[in-house]
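The values are calculated or read from the model by the stated rules, or taken from the named source; none is laboratory data. This structure is a prediction, so every number in the text was calculated from the model and none was measured. Don't worry about glycine lacking a Cβ; one is built from the backbone with ideal geometry, like all the others, and counts go over all protein chains shown. Protein only, heavy atoms only, side chains kept; ligands, DNA and RNA dropped before computing areas. Shrake-Rupley method; radii C 1.70, N 1.55, O 1.52, S 1.80 Å.
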Amino acid sequence: MIVMEGAMMDACFDIAYPFTGIWRVQNSPADRVPSHGTAAFASAHAIDFVPISPLGRSAPIRLISLLRPELPDRFIGFGRPIRAPIDGRVIAASDTAIDHHAHRGFPSISYALTQRGRASRGWRALVGNHVFIESRGVVVVLCHLQQSSVRVRPGERVRTGEHIARCGNSGNSTEPHLHIQAIDRADVDRAQAVPLTFHGQIPHNGEVIDVPE
């Protein structure tokens, strides 16, 4: 479904949440565009979701968490199932990138300083493991997936809610989370961003989404 919203009545591509459980919203286009501070790689309307516990934490906080990088499997969402947000056809999929250490506290500062280098290597260095699903001329991109977790391959058709991968920490990611965006063509270097809605709405930064099984 395509819905219309906003002062400019921009067309938004409406999809389902690609997960179940409790997730916190970050870098939402409901709060600013471009949502990640850049329009590069058609990411102006991208949005992030971080898996959290009922207590609102992605992982336990210890002093060492603020001083050293951490293994991604310390985070509650690492390996959490990712589901297809639309009916469509898989046009790209990759899950060979490693899940690197997570970075909080002081390590996150040094990690941020190396982001330009990753961006210079192109979008693949940023998105890590990923799945592209095409539907009605729009391509939905799901990124930072867990290594060796992708269950679908290009050419396959998927249905909304189908388990297609797991949440990981590959690519340009400080902790396990899901980055999702929509583009108007498969060629990311030439694509334009397509605004997304989830069940007709765009959640705001800090909003907690609880999707039942």
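General remarks:
- Stretch gain in nm, segment S148-L67, where the contour uses 0.36 nm per residue and the Cα spacing is subtracted: 26.2 nm
- Rounded D (µm²/s) - region 127-178, Kirkwood Rh over Cα pairs, Stokes-Einstein at 4 °C, 1.567 mPa s: 113 µm²/s
- Pairs of alpha carbons in the chain whose separation is greater than 26 Å (percent): 29 percent
- Label point distance in nm, H199-H163, each placed 7 Å from Cα along Cα→Cβ: 2.2 nm
- Net charge dipole size for the chain [Lys, Arg +1 and Asp, Glu -1 on Cβ; Debye, nearest 20]: 620 debye
- Using θ = phi - 60° and Karplus 6.51 cos²θ - 1.76 cosθ + 1.60, couplings along region 71-81 (whole Hz; Gly, Pro as x): 5, x, 6, 6, 9, 4, x, 5, x, 5, x
- Percent antiparallel among DSSP beta bridges (both partners in the chain, rounded to 5): 95 percent
- Between amide H atoms placed 1.01 Å from N, distances below 5 Å from D31 occur with N205, all of them 5 or more places distant or on a separate chain.
- Peptide packing: for 203-209, 72-78, 140-146, the average count of neighbouring Cβ atoms within 10 Å per residue gives the ranking 140-146, 72-78, 203-209, highest mean first.
- The residues of the chain expose, per residue, 48 Å² of accessible area to a 1.4 Å probe.
- Computed from phi, the 3J(HN,Hα) profile of region 125-136 under the Karplus parametrisation 6.51, -1.76, 1.60 (θ = phi - 60°) reads 5, 8, 7, x, 5, 7, 9, 10, 10, 9, 8, 6 Hz, with x in place of Gly and Pro.
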